[in-house]
Amino acid sequence: MKLDERELRNQKLSAEHHAEAARDLEILGYVILERVLPEEKVEALCSAFFALLEENHERVGDNRGKQRQGGVPLPIEKPFDDPDVLANPIALDVFRDVLQDDLICSYFSSDTGLPGSQYQPAHRDGSPLFPGLPVTVPPYMYEINIPLVDFRPDNGPTDIWPMSHRISDIDLTARDALERGSAAATETEIQRYVSGLNPQPVLMPAGSLLLRDPRMWHRGTPNNSDQPRPMLSLAYHYPWYRFNSVTISGGVYDAWPEHMQRLFRFATIDGRTSTEFP
């Protein structure tokens, strides 16, 4: 979806675009909002990210398959503490239309396909609320992926299976398949079947927002370029759901406006974890 200048300036979708985005998110499982973040902001994020990438890779290594690093928490400090990133009003407006006003952000991380990366197994994010339930449940969490470079056919874009979030729980991968990243994990009967269903590559310019239901099947693809393909990831959900944890310094948290403090009220702040439970 291409946003016009008024939508970008006001940080609010038109009524028509809002309805279309909410409908696509519920039915297809995803919507792409193109070039939401301004170019200079993306450049600052990308520069800071690449400064961290080498250090993170040395410390963590390949933890989402060969030449792939994911799930590494990012420091919530400049430029990553930007409200347009952590609490983007356009995205949250759509999420709140499908879920409710009171959301929690419990995940801020990254996923990077390095040159030479291979296919990931198709998978869903998070654990099902009711494993083995033969029917799907209403959405309870949504994610945002923010590409820091253009996602092109050659640099390892994410593959998605639209509407697969509406399929009842299926064990696509072994519990540790993403961490092991072995070729065998992509060669099981279910993985061969899923691969034959013609996944759709997510091609989008840097600074776009991919809003998606984490239950929609997806996978990383091979990065055949000579540069990393970085992507920021955030998760928003009902307060009663527990997905992960975010760590914030008290100085950063105290400086935020009330709506951001509420969004991150379950974070670990200066080592203290919230005991609130609605």
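Are any residues in segment 141-170 at pLDDT below 95 and part of a loop (DSSP other than H, G, I, E, B), and if so, which ones?
Ile167, Ser168, Asp169, Ile170
How many residues does segment 181-201 contain that are crowded, with 18+ Cβ neighbours inside 10 Å and modelled with pLDDT under 95?
Looking only at that region, the number is 5.
Which of the following residues is buried (at least 22 other Cβ atoms within 10 Å of the Cβ) and either touching a strand residue (DSSP E or B) at 6+ places or on another chain (Cβ under 8 Å) or not aliphatic (A, V, I, L, M) (or both): Asp213, Asp226?
Asp213
Across segment 85-129, what is the number of residues that are aromatic (Phe, Trp, Tyr) and more than 12 Å from the chain's Cα centre (by Cα)?
2
Out of all the residues in segment 45-76, which are surrounded by 15 or more Cβ atoms within 10 Å (Cβ to Cβ) and out of contact with any strand residue (DSSP E or B) (no Cβ under 9 Å at 6 or more places or on another chain)?
Correct list: Ala48, Lys66.
Does Asp150 satisfy the condition of being more than 14 Å from the chain's Cα centre (by Cα) and in contact (Cβ under 8 Å) with a residue 24 or more places away in the chain?
Here the answer is yes, as Asp150 does meet what is asked.
Residues Phe243, Phe266: which one is of a type outside the set (Ser, Thr, Tyr), over 25 Å from Leu148 (Cβ atoms) and buried (at least 17 other Cβ atoms within 10 Å of the Cβ)?
From the options Phe243, Phe266, the qualifying one is Phe266.
Is it the case, given these coordinates, that Leu92 is assigned to a helix (DSSP H, G or I), of a type outside the set (Ser, Thr, Tyr) and modelled with pLDDT of 90 or more?
Yes.
Would you check which residues across segment 77-95 are exposed (fewer than 15 other Cβ atoms within 10 Å of the Cβ) and within 19 Å of Phe266 (Cβ to Cβ) and list them?
If the condition is that a residue be exposed (fewer than 15 other Cβ atoms within 10 Å of the Cβ) and within 19 Å of Phe266 (Cβ to Cβ), then Pro83 is the only one that fits.
Only residues in segment 24-42 that are touching a residue at least 12 places away in the same chain (Cβ under 8 Å) and at positive phi count as the first member; pair them with residues that are crowded, with 21+ Cβ neighbours inside 10 Å and in a helix (DSSP H, G or I), Cβ under 7 angstrom, at least 6 apart or cross-chain, and list the lot.
Gly29/Ser164; Gly29/His165
The values are calculated or read from the model by the stated rules, or taken from the named source; none is laboratory data. All values reported here derive from a predicted model rather than from experimental measurement. All Cβ positions, glycine included, derive from the backbone under ideal geometry; neighbour counts span all protein chains shown.
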